[in-house]
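Below is one structure, written out as C-alpha cells; the observations come after it.
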Amino acid sequence: MADVYFWSLRQKFLDSDEDMPAQAKQVMYYSLAIGHHVGVIDCLNKEFICPLDQFQQWIALLPEGEARRKMHGLLTFGEIVIDSTHTDLLASAFAPLSATQTEPFNTWSTQLIQLLAEIAREPAIYLIVRRVL
C-alpha cells in the first residue's frame, strides 16, 4: 500500500570548501532550490504521512479549482512541490476542512496550514509531497 509523505526543506548543506558571504549564499540557495541541485545536500524533515487512499479522500473534499488541481498533481506526477507561491491558495482551501472535517482530515489540514504559515514567514522553506510505495 502506498503512502503520501510531506517533507519540509528547511536547510541545505553546500558541498564546498569556499567561504562565501551570507548574502551570496542566500542567492545561491535560492537558485539551487529552483532546480539546480549540484553540490547541495537537502535536509528534509518528515512532517507527516497519510495513506494514499485517505489522501485522495482528503483532496476530494477541496472545492473545484486551483488548490485541488495543485494537490491532485501528486496523483498524476507522484510528487509535488509546495512553495511560497502556493501558501495563500492552499491555506484558503484547507482552512474550512480544518474546522469542519473529522479525523484525520481536520488534523492534516491544520498541520498543512501551519506549514504554509511557516513558508509565508520564511519563503526559503518549501514542502515536497511524494507518493511512496
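The values are calculated or read from the model by the stated rules, or taken from the named source; none is laboratory data. Remember, it's a predicted structure, so these values are computed and weren't measured experimentally. Reconstructed Cβ throughout: ideal geometry from the backbone, glycine too, with neighbour counts over all protein chains shown.
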Leading residue by the ranking (surrounded by the most Cβ atoms within 10 Å (Cβ to Cβ)) among those in segment 71-108 that are of a type outside the set (A, V, I, L, M) and touching a Leu at 6+ places or on another chain (Cβ under 7 Å): Phe94
Top-ranked residue of segment 109-121 - restricted to ones that are in contact (Cβ under 8 Å) with a residue 24 or more places away in the chain and farther than 19 Å from Leu61 by Cβ, ranked as surrounded by the fewest Cβ atoms within 10 Å (Cβ to Cβ): Ala117
Number of the exception - Ser84 against (1) farther than 18 Å from Trp7 by Cβ; (2) in a loop (DSSP other than H, G, I, E, B): (1)
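Here is a yes/no grid of residues against (1) of a type in the set (Gly, Ala, Ser); (2) part of a helix (DSSP H, G or I); (3) more than 15 Å from the chain's Cα centre (by Cα):
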residue	(1), (2), (3)
Phe48	no, no, no
Ile59	no, yes, no
Pro63	no, no, yes
Leu97	no, yes, yes
Trp108	no, yes, no
Ile113	no, yes, no
Ala117	yes, yes, no
Meets criteria (out of contact with any strand residue (DSSP E or B) (no Cβ under 6 Å at 6 or more places or on another chain), within 16 Å of Asp3 (Cα to Cα) and not hydroxyl-bearing (Ser, Thr, Tyr)) for Phe105: yes
Count of residues meeting criterion [within 13 Å of the chain's Cα centre (by Cα) and of a type in the set (S, T, N, Q)] in segment 65-95: 3
Arg68 vs. criteria at pLDDT 95 or above and not in a helix (DSSP H, G or I): no
